[in-house]
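Written out below as structure tokens is the structure these notes cover.
Derivation of every value follows stated rules applied to the coordinates shown; laboratory data play no part. Since the model is a prediction, treat every value here as computed from it, not as a measurement. When we count neighbours, we look across all protein chains shown, and the Cβ atoms used for this are built from the backbone with ideal geometry, even at glycine.
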Amino acid sequence: MVRRRSSRKTRPAPSADRRERGPKHCLTMPHRHGFFAGPEEMKHVFSVAALGLALLFVVVFFTGRIDAKHLTSVAPRVGMHPDDLDAMVARISLETGATIGTSRRVVYLLACSGVPTRSTMEAQARQAADITEKQRLTAREAAVFVLSGKPSEGAQSPLRDC
């Protein structure tokens, strides 16, 4: 009787420096004792580091915010009611094509400055929103430009407290 060779390859015996099969058939590196921790300990280190970064982000986010006043507190500066300013935001957004957020920011900045009057507020807000959309300036830069005629803020900016 002639024996044929099997088509299966035989595996070499595992050596100490090669990867070994651990529980649940996952490949594990041989365990070394020394400066670096093993995979289980590294999971914990990375988890603690990620939680620390998330906590740092939350702290920086809440402490670094600029105090923004509501329309109710800045509306009297220009002799208007907050409802009037809200209605103005919608009109400016429709007329200029600016987003509601941009229009709201422009109206807030102009009202916060206290420079415009009740009669000039809407025209200046419309002009600032239009500049924001067409010249790709921020709402703050557009408001400064409308109020002072200069494209940048100086030491005596009307928006220094806003």
Please sort by residue number the chymotrypsin sites (Phe, Trp or Tyr not before Pro) in the stretch 58-139 whose DSSP state is loop and whose Cβ has at most 13 other Cβ atoms within 10 Å. none
Relative to the present Cα-Cα distance, how much length would full extension add between Arg118 and Ile100 at 0.36 nm per residue of separation? 4.4 nm
Past the 19 angstrom mark, what percentage of all C-alpha to C-alpha distances in the stretch 71-148 do you count? 22 percent
Contour minus end-to-end for Ser73 and Leu51, with contour as 0.36 nm per residue of separation and end-to-end as the Cα-Cα distance? 4.1 nm
